[in-house]
1. Pairs of alpha-carbon atoms within less than 8 angstrom and 6+ residues apart define the contacts here; what relative contact order does region 233-340 have, in percent?
2. Label points 7 Å out from Cα along the Cβ direction at residue 291 and residue 174: separation in nm?
3. Under the definition of Cα pairs under 8 Å and six or more residues apart, what whole-number percent is the relative contact order of the chain?
4. Treating only the Cβ atoms of Lys and Arg (+1) and Asp and Glu (-1) as charged, compute the dipole magnitude of region 257-323 about its Cα centre; round to the nearest 20 debye.
5. Ranked highest first by average number of other Cβ atoms within 10 Å, how do 138-150, 81-93, 302-314 line up?
6. Across region 292-299, in residue order, what do the Karplus-derived ³J(HN,Hα) couplings come to in whole Hz, using 6.51 cos²θ - 1.76 cosθ + 1.60 with θ = phi - 60° and x for Gly and Pro?
7. Which percent, nearest 5, of DSSP beta bridges in region 149-443 are antiparallel?
8. Towards the positive end of the charge dipole of region 149-443, with charges on Cβ (+1 Lys, Arg; -1 Asp, Glu), say which of 188, 149, 293 has the farthest Cα.
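No lab work stands behind these numbers, since they all come straight from the coordinates. What you are looking at is a predicted structure, and each value in this text was computed from that prediction instead of being measured. Using ideal geometry, Cβ is built from the backbone for each residue, glycine included, and neighbour counts are taken over all protein chains shown.
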Amino acid sequence: MLGRPRLTLYCAALAACLFGAGVLVSARERPHHSPGSDYAATGLPDRIVLTPGADPARELAVAYRTDSRQTSAEVQLAPALDGPRLEERARLLGGSSRLLSTENGDAYYHQARFTGLQPDTAYLYRVKGADGWSEWLQFHTAAAAFKPFRFIYLGDVQDDILTLSARTIRQAFLSTASPSLVVHAGDMVEQGEALIHDDEWGEWNQAGGFYYAEVPQLPAIGNHEYLKTWNPIAGKGRHSSPYWSLQFALPDNGARGVEGTTYYVDFQGVRFIVLDGTAALHLNALESQKQWLEETLRSSAARWHVVIEHQPIFTCARAKDSEVLKAAWKPIFERYNVDLVLQGHDHCYSRLTAEAGHEAAIAAQAAGSMQGPVYMVSVAGSKMYRLNGRAHRQPDRAAEDTQLYETVEVESQRLAVRTYTASGRLYDAFDLLRDETGGKHLVEPVSKLPAERACSGERGPDDLPCTAVSNLHSSIAP
């Protein structure tokens, strides 16, 4: 068990040290949305999150929380029988456990890995707390070779997680038949400028509920999953939140120095590659990720390649793109024919295929030219930024003051990407078609989409006051 050095010491000492030295806090006072006692750990397990291994046909992992009486990980894993006598076929697994102390008290976070699984097979598991077991939760391993599937993509959640953002998450699950994965583009919570804020993670877990426990989650770390710090000796600093490694049991195959926040997963013919833009921009991890990205793409035998990162290569809200990330990563995306780059951070919507702008993309499409990567930015939560001046001419489609989710259908020769508003209305649609030479062509299969959603002055697209605020003063990475 990893807990005896007690992560509580880490967090309590870190909090005392950082608060004592002076923590950078937001100028905007954030409301405390939830009574703390609602999110205190109990004798029954909660915050159960399933994540894939690097080869999710044979390995997955679970992370969960209990109160401090349950000091060790205990998990039962069983084949998915059609009858109720599951426990008779279950085997008991152990794992790692670490203690975390927050404003909601002490809690143990446990992790266990499911290894030696059979591809394309259903399993059940449950996890133990001091007062009993969770319900049985079912998951399905990936196929060992290519097989069509669908996944969900969610941009930033961050604010008003339970009150306003949960509906987007739940609508995505309710409207998507049997999603195999969920991709998160970072900033699941706001906590980055408040050090530790346990209620926000409680709300995030409550918003996804049992879906997070049965459908593998692929998160990219955002700047708000880092803690901004300052002290007189070292000056400004950043540390990844303790929750990151506790909530997500991720593959250990990432870039040197950022193994915990970069990783890749091969799922049924798609290589998902997750990057850490905050570490690249602020923690001297750009070069190691650049080298790792190139090698991870070079060594891939996957049919499709999807990159997930938080800070976008092309911004739809800020004054300037991140030229640092663009110079380092964009040539590699293009050299290795990456298909989709899924991003967050900007709190607006953008789908971009040509840096020269939408007119250039239309001309390329009409000429039958190969296209890609497609760069997407989306936002699931309630915090909104105004579109910048380029957003009406550079992306193929954009939106502001709009909560969204995306679905991606993966087929042998086609990626079908659909963007929906939080109410479930189709907002954008495109297909990437692969030809016999491996080249890709973008097709827009829906002839009539809703008008682009944008604020007009202070009036929003719902004929209510616009909630989006200008972010033109800032560059890509706060």
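1. 22
2. 4.9
3. Computed value for the chain: 14 percent relative contact order.
4. About 200 debye.
5. 302-314, 138-150, 81-93
6. So the Karplus estimates, Gly and Pro as x, are 5, 4, 4, 5, 5, 6, 4, 8 Hz.
7. In region 149-443, DSSP labels about 65 percent of beta bridges as antiparallel.
8. About the Cα centre, the residue reaching furthest to the positive side is 293.
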